[in-house]
Amino acid sequence: MNFDAMFQAQLDALKEEGNYRYFAELERTCGKFPRAANHVDGEKRDVTVWCSNDYLGMGQNPLVIGAMCEAVERTGTGAGGTRNISGTNHDHLLLEAELADLHQKEAALLFTSGYVSNWAALSTLGSRLENCVILSDSGNHASMIEGIRHSRAQKVIWEHNNVADLEAKLAALPANVPKIVAFESVYSMDGDIAPIREIVEVAEKYGAMTYLDEVHAVGLYGPRGGGVAEQEGLMDRVTLIEGTLGKAYGVVGGYITGSAALCDFIRSFASGFIFTTALPPAVAAAARTSIAHLKVSDEERMKQRAQVAKLRAGLDAAGSPHMENDSHIVPVMIKDPVKTKMLADYLMDEWGIYVQPINYPTVPKGTERLRFTPSPLHNDADIDHLVGALKHLWKQCAIANVAATA
């Protein structure tokens, strides 16, 4: 059988639909974020990155860089094994203590990525709790969906951020089965924020555990960067808070926080934790420095919010539609995969602006978009340049009056 032909047929179909993903080859330059070099056709060109999840530029922070370099000199480059077999380093335990303190929980557990932490934790909870039912928000991330699927637990999907629908589905379940309500705080593609208080209250009413993914909120919200749950004064009422080190904290890795028993349970039974090499100690040291800094510094968060507001105001003044939300994510809706890529290509080629087209399956078909993430390191001239480029392209490409809602 010609397997390559089978592969190519599906790739060709993906390209015809406009959903094939082309990667921009970037070279970040230390200290120059959001500037980067784009490698194309053997040449390099300077671009401004407008879609990074390094939301606060902490991947370029001198304190964080210094901590990583010091740890490499002190410990070497790798962890040396899985956490169970020689890979638990002192820096890991220091970071887990820092994370537990961040979310005011008894314990924390590190993973190699936010995807793995969701997949491992949800699959373990769902499979090990007898007759468990997981109630999943319809907008949840792929990592949560895969974890729930892998658990083989009964899954109930409730309408996105619809607390009444969640309560109806909880009420329909037997009172004596373990129930987990799984949801996010900030949803990364639309930028909307969950009604956490109402969700927690309904979950408590029906004796359900709450599982909150704060990956797009940690570092950014709350007085110490603990996320939306901290901002709303709800961390103590959420059973498990999951987060990432690879976005606002500027490094890599994922984690969960909760009671000592909960974290030990996941540590003891999650294959995604047990059978994978631990994060390098230098990564853990850098992450701990980033978290500790953002616990006491509000400067990065405040400047980011100011730049987000300036971009939104500029887009409004230019008549460029964007999806309204209360977060730091600015989606500009195009609703067509081919036009979305075309606009992204124009922005890169003609304006030196890099924004990745977002299409299916990351978002539903018909909701394709450009997703902008202003940082505190984007200056006012950057914003003016982006707004001017979008205004020009809107006219050139005849995409006026595109609806700003999904």
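The values are calculated or read from the model by the stated rules, or taken from the named source; none is laboratory data. Here the structure is a predicted model, which is why all the values come from computation and not from measurement. Here the Cβ positions follow ideal geometry from the backbone for every residue, glycine too, while neighbour counts run over all protein chains shown. For the accessible areas, the whole protein counts, side chains as well, though only heavy atoms, and no ligand, DNA or RNA atoms are used. Shrake-Rupley method; radii C 1.70, N 1.55, O 1.52, S 1.80 Å.
Considering only G57, G258, G80, the mean-square fluctuation computed in a Gaussian network model of the chain, springs between alpha carbons under 10 angstrom, is largest for G80.
Per residue, how much accessible area does segment 280-350 have with a 1.4 Å probe, in Å²?
Per-residue value: 38 Å².
If you count only protein heavy atoms with a 1.4 Å probe, what accessible area per residue comes out for segment 1-56, rounded to a whole Å²?
Values: 3920 Å² over 56 residues.
Per-residue accessible area for segment 1-56 comes out at 70 Å².
Distance from the alpha carbon centroid of segment 316-372 to that of segment 126-183 works out to 31 angstrom. If you run the Gaussian network model on the chain, springs between alpha carbon atoms under 10 Å, then out of E230, E368, E204 the most flexible one is E204.
The residues of segment 105-160 expose on average 43 square angstrom of accessible surface per residue, using a 1.4 Å probe on protein heavy atoms.
For the chain, the longest principal axis of the C-alpha atoms and the axis of helix 299-318 are separated by about 40°.
Ligands, DNA and RNA left out, the 1.4 Å accessible surface of segment 240-378 is 57% carbon and sulfur atoms.
Going through segment 18-86, which chymotrypsin sites (Phe, Trp or Tyr not before Pro) have at most 16 other Cβ atoms within 10 Å and a DSSP loop state?
Values: sites: Y20, Y22, F23, W50, Y55; in loops: Y20, Y22, F23, W50, Y55.
Those that pass, being in a loop and sparsely packed, are Y20, Y22, F23.
Mean projected area of the convex hull spanned by the Cα atoms of segment 148-291, taken over all viewing directions: 9.4 nm².
Relative contact order, percent, of the chain when contacts are C-alpha pairs under 8 Å separated by at least 6 residues?
Answer for the chain is 21 percent.
What's log10 of I(q)/I(0) for segment 272-397 at q = 0.11, 0.14 Å⁻¹, Debye sum over Cα points only, no solvent? At q = 0.11, 0.14 Å⁻¹ the computed log10 ratios are -0.51, -0.74.
The apolar share of the surface of segment 4-71, taken as the fraction of accessible area on carbon and sulfur atoms (1.4 Å probe, ligands and nucleic acids excluded), comes to 54 percent.
Dividing the summed -39500 (n - 2.57) terms of all DSSP H runs of n ≥ 4 by the residue count of the chain sets its mean residue ellipticity at 222 nm at -13000 deg cm²/dmol.
Count the net charge of all other residues whose Cβ sits under 9 Å from the Cβ of M323, scoring Lys and Arg as +1 and Asp and Glu as -1.
On the way: positive: R369; negative: D190, D192, E324.
Result for the local shell: -2.
Please give the Cα centre distance for segment 240-312 versus segment 55-112, rounded to the nearest Å. Value for the Cα centre distance between the two parts: 9 Å.
Could you tell me what percent of the DSSP beta bridges with both partners in segment 145-247 are antiparallel, to the nearest 5? Roughly 10 percent of the DSSP beta bridges within segment 145-247 come out antiparallel. Counting only Cβ charges, +1 for Lys and Arg and -1 for Asp and Glu, the dipole size of the chain around its Cα centre is about 220 debye. Taking all Cα pairs closer than 8 Å and separated by 6 or more residues, the relative contact order of segment 1-157 comes to 10 percent.
Computed with a 1.4 Å probe over protein heavy atoms only, the accessible area of D101 comes to about 70 Å². Near I353, the amide H atoms lying under 5 Å from its own belong to T48, M348; only residues 5 or more places off or on other chains count, and H is placed 1.01 Å from N.
Comparing E16, E167, E201, which has the greatest mean-square fluctuation in the GNM of the chain with Cα pairs linked when under 10 Å apart? In the Gaussian network model the winner is E16. Computed over the Cα atoms of the chain, pair by distinct pair, the Kirkwood hydrodynamic radius stands at 22.4 angstrom. Placing a label point 7 Å from the Cα of Q8 along the Cα-to-Cβ line, no residue of segment 17-34 has its backbone N under 16 Å from it.
What is the helix-to-structure angle for 337-351, meaning the angle in degrees between its Cα long axis and the longest Cα principal axis of the chain, kept from 0 to 90 and rounded to the nearest 10? With rounding to tens, the tilt is 60 degrees.
Beta bridges per DSSP, both residues in the chain: antiparallel share near 60 percent.
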